[in-house]
Amino acid sequence: MKKRVVTALGIILIVALPLAFGGWLLELLALFIVGAGAYEWAHICPDFKKWPKAIVPIMVLAVLLTRFVSQPHLYIVLTCTTVFFWILTIFAEDFEISDAFYCLTYFLIFSLIYRTIGFFSANHLYLITIVFATYGSDTGAWFIGRKFGKHKMNPRLSPKKSWEGLAGGIVFGAVLSFVISLLYWKNLDLRILLPLCIFCPGIAEIGDLAFSAIKRYFHVKDFSNLLPGHGGVLDRVDSLLMNMLFCGILISIFL
């Protein structure tokens, strides 16, 4: 328990400044999540140690390029990355086609997330709302689920989650994120802000289950042990990443 608390305090200290100030601090945090995410994403594969050493760096580089190359060159990055992992199965004996598809899934998901973070670098206040909606939902679901949880939500993926906890998490996350957003709502587009407060708490639970499905498939408890007592980086940001994708959709529609 002591190790878990110390790690939690360290996480809060590391994340607090990027959330408060955005800019290059947020960019550094994003690069860490992309890099650590690539390692953890690949690390849980049984044959990861047999893969070519360049796999993870190429995964990270491909994600970074999708945000920084010009629009006319984006097609080149998407095509070259897809073809690279596809044909690598021809030349690498211990890299199966299922491994290629798994790496391409990382590439797709994190490219979308990293492009959304590019918007947050210019206006990080939306991310603050998302963070409180996400972890407010997680906190509310934990307390309500422990006290009132009777009906299991999805025992196959998460035996402890209950429908009562889900309802409590959605309400608590929505209220908390809305109250926090009152501090800066005049600087944001309400067409984006209000849906974030309303829907992110529920989407957070879906994100948690979606990443749990990956871990269940590979028969692992955590993505890694990079964060003592908390598992891996992806274990801590799984719900947050799904909410970033939702925010990216809203940004694409309204801005």
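The values are calculated or read from the model by the stated rules, or taken from the named source; none is laboratory data. In this text the structure is predicted, and so the values were computed from the model without any measurement. Every residue, glycine as well, gets a Cβ built from its backbone with ideal geometry; the counts of neighbours run over all protein chains shown. We work out accessible area using only protein heavy atoms, side chains counted, and drop any ligands, DNA or RNA first. Shrake-Rupley method; radii C 1.70, N 1.55, O 1.52, S 1.80 Å.
Key figures for this structure:
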{"quantity": "For region 95-148, accessible area per residue (1.4 Å probe, heavy atoms of protein chains only), Å²", "calculated": "44 Å²"}
{"quantity": "Cα gyration tensor category, rounded, prolate or oblate, for region 124-255 with a/c compared to 1.5", "calculated": "prolate"}
{"quantity": "Region 78-148: C-alpha gyration tensor shape, a/c 1.5 cut-off, then a/b vs b/c", "calculated": "oblate"}
{"quantity": "Over 20 Å (Cα to Cα) - which of Lys161/Lys215; Lys150/Lys215; Lys53/Lys215 fall in this group", "calculated": "Lys150/Lys215; Lys53/Lys215"}
{"quantity": "Separation between Cα centres of region 96-113 and region 189-208, rounded to whole Å", "calculated": "25 Å"}
{"quantity": "Angle in degrees between helix 71-91 and the longest Cα principal axis of the chain, rounded to the nearest 10", "calculated": "60 degrees"}
{"quantity": "Kirkwood-based shape ratio for region 127-187, expressed as Rg/Rh from alpha carbons", "calculated": "1.11"}
{"quantity": "In degrees, nearest ten, helix 233-254 long axis to first principal axis of the chain (Cα)", "calculated": "80 degrees"}
{"quantity": "Heavy-atom surface of region 6-48, accessible at 1.4 Å and reported per residue (Å²)", "calculated": "50 Å²"}
{"quantity": "(1) 18.0, 56; (2) 18.8, 56; (3) 17.0, 51, with the label sought being that of the calculated Rg and Dmax of the Cα atoms in Å", "calculated": "(2)"}
{"quantity": "Set of aspartates and glutamates with alpha-carbon distance to Lys152 below 12 Å, sequence-local pairs under 8 removed", "calculated": "Glu164"}
{"quantity": "Efficiency of FRET between Leu183 and Thr82 - r from beta-carbon atoms, R0 41 angstrom, step 0.05", "calculated": "0.45"}
{"quantity": "Accessible surface of region 189-236, 1.4 Å probe, proportion on carbon and sulfur as whole %", "calculated": "65 percent"}
{"quantity": "Helix 2-21 axis, angle to the chain major axis (alpha carbon atoms, nearest 10°)", "calculated": "90 degrees"}
{"quantity": "Shape call, region 1-95: gyration tensor on alpha carbons, a/c limit 1.5", "calculated": "oblate"}
{"quantity": "Relative contact order (%) - the chain, alpha-carbon pairs under 8 angstrom, separation at least six", "calculated": "22 percent"}
